Amino acid sequence: MDLVIRNASLPDGRRHIDLAVADGRIAAVGPALKLGGAQEIDAGGDLLAPPFVDAHFHMDATLSYGLPRVNASGTLLEGIALWGELKPQLQQEALIERALQYCDWAVARGLLAIRSHVDVCDERLLAVEALLDVKRRVAPYLDLQLVAFPQDGLLRSPSALANLQRAIAMGVDVVGGIPHFERTMAEGAQSVRILCEFAAAKGLRVDMHCDESDDPLSRHIETLAYETQRLGLQGRVAGSHLTSMHSMDNYYVSKLLPLMREAGVAAIANPLINITLQGRHDTYPKRRGMTRVPELLAAGIDVAFGHDCVMDPWYSLGSGDMLEVAHMGLHVAQMTGQDAMRACFAAVTEAPARILGLEGYGLEPGCHADLVLLDAGDAVEAIRLRAARRLVLRRGKVVAESPRAQARLNLPGRPPQTDFRLRHNAGLAPENT
């Protein structure tokens, strides 16, 4: 054995668990493992989880905020227009530098797998080349999965299909789309068919920006579910955003959800961005746009949360912290029951890992020893506190660490205090409070 982590809590509720690592993989998991000769780390009852996974991001635009100007209205359409202004000015080395900086941020926060959409509507495919280079560079410590994304519309942009096919041939992993941005609903449906047929022929996964609109009649997710089933793509397709579902009538949704479940189509919500960009045409009451996460989960559909944007033309904030994403998703979806809050933690860990098809992800023997030790006793407390990442491990090696979130407070008439985590709320055993 190379490493043993002692006395950890796991996301499934088990406590006082040891986890052993050998040759970069998990060798054993259980209470009081009888092992010797390995380096030992005392988790002290803290939460040991598989790493965070971001199922939806735009790394080609990240950290470009203010280039060439700021999005004054803060709207989705101005962001798209602004990205169109920026694309001709992109320099490959600058894009690579920004992406690598973001990957460093991600690893420090225990985020070790990212699915990033990359715009293919630039004839140069400069961003595609840049992110393929980034993917190779970060492979030792982060899994970067790329989606060929026709930002300007597959049919609306004359060369988008040819560029998408070129990007896939260059090594991009997933077929993307944006049907609601086509000129008509009919062309949007046609784009879904073309892209799904291409993916089926190539044996690829599909992840489409789908119905990112407040229009309840934007229903391309129905077409995506149909094409998924027709072409035998079950389990390989995701619809991202799905914000129009927020505005759909309940009767139609009652038909839609079983269709998605039957087709094995997953849903990816982006809480920070969906609630920022949607509802911009409303006065009051003002919609917040995030898709129907509790209803999707109740229907047996895989749901993940994505970060989507960090400091780019669409969003001026963000830090690569998936606990911040889960925290916002929990609030917007009103998922405040214990099981619901744990589902929000799963939406930034195990659910996106399934959607991305990550090999060897998890906490079972044989899985990669990719782990994050959080300064929290359980998943709910981790979200509540946006807990510090005490340790981040990649293939059993520590790649990032930070101290516990402690401070000393000395007040007149009060005993000194050093732990402000209020751990008793997590239902921990008395010796860990």
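Before moving on, here are some points about what is shown:
- Among the residues of this structure, Gly171 does not count as one that is buried (at least 18 other Cβ atoms within 10 Å of the Cβ) and either within 26 Å of Leu356 (Cα to Cα) or of a type outside the set (Phe, Trp, Tyr) (or both).
- Just one of (1) at pLDDT 95 or above; (2) open to solvent by less than 20 Å² (accessible area, probe 1.4 Å) fails for Arg423. It is (1).
- Any pair with Cβ under 6 angstrom, 6 or more apart, that starts in the range 82-101 at a residue that is closer than 14 Å to His58 by Cβ and ends at one that is modelled with pLDDT of 95 or more and surrounded by fewer than 17 Cβ atoms within 10 Å (Cβ to Cβ): none
- The residue that is nearest to the chain's Cα centre (by Cα), counting only those in the range 306-329 that are open to solvent by 10 Å² or more (accessible area, probe 1.4 Å) and of a type in the set (A, V, I, L, M), is Met328.
- Just one of the listed residues (Leu224, Leu231) is under 23 Å from His58 (Cα atoms) and modelled with pLDDT of 95 or more, and it is Leu224.
- The requirement of being of a type in the set (Phe, Trp, Tyr), more than 23 Å from Leu256 (Cβ to Cβ) and either part of a helix (DSSP H, G or I) or open to solvent by less than 10 Å² (accessible area, probe 1.4 Å) (or both) is fulfilled somewhere in the range 195-216, by at least one residue.
- Restricting the range 89-134 to residues that are within 15 Å of the chain's Cα centre (by Cα) and in a loop (DSSP other than H, G, I, E, B), the residue that is nearest to Gly362 (Cα to Cα): Gly110
- For the range 1-53, the strands (runs of 3 or more DSSP E) that sit wholly inside it and include 2 or more residues that are open to solvent by less than 30 Å² (accessible area, probe 1.4 Å), modelled with pLDDT of 95 or more and β-branched (Val, Ile, Thr) are 3-8, 17-22.
- Top-ranked residue in the range 226-275 [being more than 16 Å from Gly176 (Cα to Cα) and β-branched (Val, Ile, Thr); ranked as most open to solvent (accessible area, probe 1.4 Å)]: Ile275
- The range 361-371, residues that are crowded, with 24+ Cβ neighbours inside 10 Å and outside any loop (DSSP other than H, G, I, E, B): Leu371
- Selection count, the range 70-88, where residues are in contact with an Asp or Glu (Cβ under 8 Å, 6 or more places away or on another chain), farther than 16 Å from Val310 by Cα and in a loop (DSSP other than H, G, I, E, B): 1
- Number of the exception - Val303 against (1) closer than 23 Å to His209 by Cβ; (2) of a type outside the set (Ser, Thr, Tyr); (3) open to solvent by 10 Å² or more (accessible area, probe 1.4 Å): (3)
- Counting only residues that are assigned to a loop (DSSP other than H, G, I, E, B) and open to solvent by 30 Å² or more (accessible area, probe 1.4 Å), the range 340-360 holds 3 of them.
The values are calculated or read from the model by the stated rules, or taken from the named source; none is laboratory data. For clarity, every value in this text was computed on a predicted model and none was experimentally measured. We place every Cβ from the backbone using ideal geometry, glycine too, and count neighbours over all the protein chains shown. Areas reflect the complete protein model, heavy atoms only, side chains present, ligands, DNA and RNA absent. Shrake-Rupley method; radii C 1.70, N 1.55, O 1.52, S 1.80 Å.
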